[in-house]
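In what follows, a structure is listed as structure tokens, so that the remarks can point back to it.
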Amino acid sequence: QNYLDNFWPDLKAAHELFDSIVQARRERESESQENHGKEYPEHLPVEVLEAGIKSGRYLQGALNVNKHRAQLEAFVRLQGFGGKEAG
């Protein structure tokens, strides 16, 4: 803010952009506090997920995303399926 005020006092678009960024950051911090420091709220309570995994309703695994095609290509490697643990 000081930089803009001192060096670009008449550059209205830059001041508007800065204000927008500050507002978005405040909203994000507020949401984070509401979610107990987590960036994203949980979709299901942990107890429900754990029970669902034990019952077989849900599967647990690691999400792998192709860094070159992140919007198009990803898969979940399920725990206990395939890999080197079979033998």
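The values are calculated or read from the model by the stated rules, or taken from the named source; none is laboratory data. All figures in this text were calculated on a predicted structure; none of them were measured in a lab. Neighbour counts are summed over all protein chains in view; Cβ atoms, including those assigned to glycine, are modelled from backbone coordinates with ideal geometry. We work out accessible area using only protein heavy atoms, side chains counted, and drop any ligands, DNA or RNA first. Shrake-Rupley method; radii C 1.70, N 1.55, O 1.52, S 1.80 Å.
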Output for the range 42-68, where each listed residue is open to solvent by 60 Å² or more (accessible area, probe 1.4 Å), part of a loop (DSSP other than H, G, I, E, B), more than 16 Å from L78 (Cβ to Cβ) and of a type outside the set (D, E, K, R): H43, L44, P45, H68
Criterion violated by I21 - all others in (1) open to solvent by less than 90 Å² (accessible area, probe 1.4 Å); (2) at pLDDT 80 or above satisfied: (1)
